[in-house]
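Report on the following structure.
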Amino acid sequence: MRVAIQGVKASFHDVACKKYFTHTEVEEVECSSFPLLFKVLDERQVDFAVMAIENALAGSILPNYGLMEKYRVKIVGEVYLKIQMCLLGIPGEKLEDIRIVQSHPMALLQCQEFLNTLHDIKLVEHADTAESAMEIKAMNLKSHAAIASELAARTYGLEILKANIETHSSNYTRFLILCRESDYFRAPEVNKSSLRFEAEHKPGSLAKILNIFEKYSLNMSKIHSLPVIGRPFYFAFHVDLEWTDQNKYESAMKELSSTVIKLTHFGDYVSGEKPVL
């Protein structure tokens, strides 16, 4: 089975992929960007794709919702991953030798408190955490360090100069497991769904929709709005719903479909194991 990931081996997408597909032999296909990830999935070069959708500290990755709409993919699962950052360098290097620290901008931001304790260093933004580690090893860059995963250290033969350097220990990222719409299958026991809809542009329209969720005891675990392309200052809503009664969920969907505008159903799936904080 082939699965697309954003980034290279030992990226956090790679770690999430391994966590979700624990009991399946997987060939990972590295993608340098999220648009490329969707492209290889759409072109049937892979069976599934693993994509980050939100972070507990930074919030949602909004452009990825637009890509989901464009390529009409389905969600078949999700996985939550604790993001533990390490400072990696060439074997033999010491923390006081480091002058340049490189990584993905979000990783640099999430380790700012630790980075502020270092002196005379330059921060360099990189496209990917694991790729920044791979580059340091490949080019034998002395006095350089990368912020990446423990797996990246093992994969690329680097030394962990400092572990767990993330500012907040409650740093989790949620990843979605995607497939093509034509290949979508619904697991027998599902309890979560992701939807997109537009509401009528008049007072009380959104409240009317939210009342449906309450009426059928659906827990709305997420909601945000995004602009509707081509209709300035009109917005679509993305929601995640969780439930325990399948019949109530199906009744709610029937009522919802006659209330909203342009309902898009991204799939029913099993909720991932949420972090215990």
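Would you mind calculating the gained length between K222 and T264 on full extension (0.36 nm times residue separation, minus the Cα-Cα distance), in nm to one decimal?
Values: separation 42, 0.36 × 42 = 15.12 nm, distance 1.57 nm.
Going from the current span to full extension adds 13.6 nm.
Of the options L195, F34, L263, report the single residue whose Cα projects farthest towards the positive end of the charge dipole of the chain (beta-carbon charges: Lys, Arg +1; Asp, Glu -1).
The one lying farthest along the dipole's positive direction is L263.
Within the stretch 48-149, report the trypsin sites (Lys or Arg not before Pro) that DSSP leaves as loop and that have at most 15 other Cβ atoms within 10 Å. The partial results should precede the final answer.
Details: sites: K70, R72, K74, K82, K94, R99, K122, K137, K142; in loops: R72, K94, R99, K142.
The qualifying sites are R72, K94, R99, K142.
Within the stretch 157-192, which residues have the backbone N less than 20 Å from the label spot 7 Å out from E43 along Cα→beta-carbon, could you tell me?
From the stretch 157-192, the list is 178-183.
Evaluate the stretch 96-247: find the radius of gyration of its Cα atoms, find its Kirkwood radius, and give the ratio Rg to Rh. Spell out each step's value before the answer.
Working: Rg = 22.5 Å, Rh = 19.8 Å.
On the Cα set of the stretch 96-247, Rg over Rh gives 1.14.
Tell me the angle of helix 205-215 to the major Cα principal axis of the chain, expressed in degrees between 0 and 90 and rounded to the nearest ten.
90
Distance between Cα centroids, the stretch 239-259 to the stretch 133-157: provide it in whole Å.
If you average the Cα positions of each part, the centres end up 47 Å apart.
By how many nm would the segment from F235 to K208 grow when fully extended, if each residue of separation counts as 0.36 nm and the alpha-carbon distance is taken off?
Working: separation 27, 0.36 × 27 = 9.72 nm, distance 1.62 nm.
That pair, F235 and K208, stretches by 8.1 nm at full extension.
For A138 and L36, FRET efficiency with R0 = 22 Å and r from the beta-carbon atoms, rounded to 0.05?
Numbers: r = 22 Å, r/R0 = 0.98.
E between L36 and A138, to the nearest 0.05, is 0.55.
Can you spot the lysines whose alpha carbon is less than 24 Å from K202's alpha carbon? Ignore those fewer than 8 places along the same chain.
Once the sequence-local lysines are set aside, what remains near K202 is K215, K222, K254, K262.
With +1 on the Cβ of every Lys and Arg and -1 on the Cβ of every Asp and Glu, and nothing else charged, how large is the dipole of the stretch 64-186 about its Cα centre, in debye rounded to the nearest 20? Don't skip to the end; give the middle numbers.
On the way: 14 positive and 16 negative charges, 76 e Å.
Using Cβ point charges on Lys, Arg, Asp and Glu, the stretch 64-186 gives about 360 debye.
Using a basic spin-label model with each label point 7 Å from the Cα along Cα→Cβ, how many nm lie between S251 and K9?
Spacing of the two 7 Å Cα→Cβ label points: 5.3 nm.
Rounded to the nearest 20 debye, what is the charge dipole size of the chain about its Cα centre when +1 sits on each Lys and Arg Cβ and -1 on each Asp and Glu Cβ? Before the final figure, lay out each step's value.
Values: 31 positive and 36 negative charges, 117 e Å.
About 560 debye.
Within the stretch 178-242, which trypsin sites (Lys or Arg not before Pro) sit in a loop by DSSP and count at most 15 neighbouring Cβ atoms inside 10 Å?
When the trypsin sites (Lys or Arg not before Pro) of the stretch 178-242 are filtered for loop state and at most 15 Cβ neighbours within 10 Å, R186 remain.
Which distance in nm do the two modelled labels at A187 and Q112 give, with both placed 7 Å along the Cα-to-Cβ direction?
The two pseudo-label positions are separated by 3.6 nm.
If the label point is 7 Å along Cα→Cβ of I121, which residues in the stretch 127-149 have backbone nitrogen under 18 Å from it?
Within reach of a label on I121: 127-137, 141-149.
Full extension from K82 to L62: what is 0.36 nm times the residue separation minus their Cα-Cα distance, to one decimal in nm?
On the way: separation 20, 0.36 × 20 = 7.20 nm, distance 2.04 nm.
Answer, rounded to one decimal: 5.2 nm.
Tell me which residues come under 5 Å, amide H to amide H, from N191 once H is placed; ignore anything under 5 positions away on its chain.
Residues meeting the criterion, in which the H sits 1.01 Å from N, are Y269, V270, S271.
With a cut-off of 8 Å between alpha carbons and a minimum separation of six or more residues, what is the relative contact order of the chain in percent? Kindly include the intermediate steps, with their values, before the conclusion.
Values: 580 pairs, mean separation 63.3, N = 277.
Once normalised by length, the contact order is 23 percent.
Once the dipole of the chain is set up with Lys and Arg at +1 and Asp and Glu at -1 on Cβ about the Cα centre, which of Y156, V276, I61 lies farthest towards its positive end?
I61
Based on the alpha carbons, how large is the Rg to Rh ratio for the chain when Rh follows Kirkwood?
Numbers: Rg = 20.9 Å, Rh = 20.3 Å.
Reported Rg/Rh (Cα atoms, Kirkwood Rh): 1.03.
At E69 and S170, where each label point lies 7 Å from the Cα along Cα→Cβ, what is the point-to-point distance in nanometres?
The answer from the label model is 3.1 nm.
Every number in this text was worked out from the coordinates using simple rules, so none of it is lab data. As the structure is a prediction and not an experimental result, all values here were calculated from the model. Quick reminder, even Gly has a Cβ in these numbers, built from the backbone with ideal geometry, and neighbours come from all protein chains shown.
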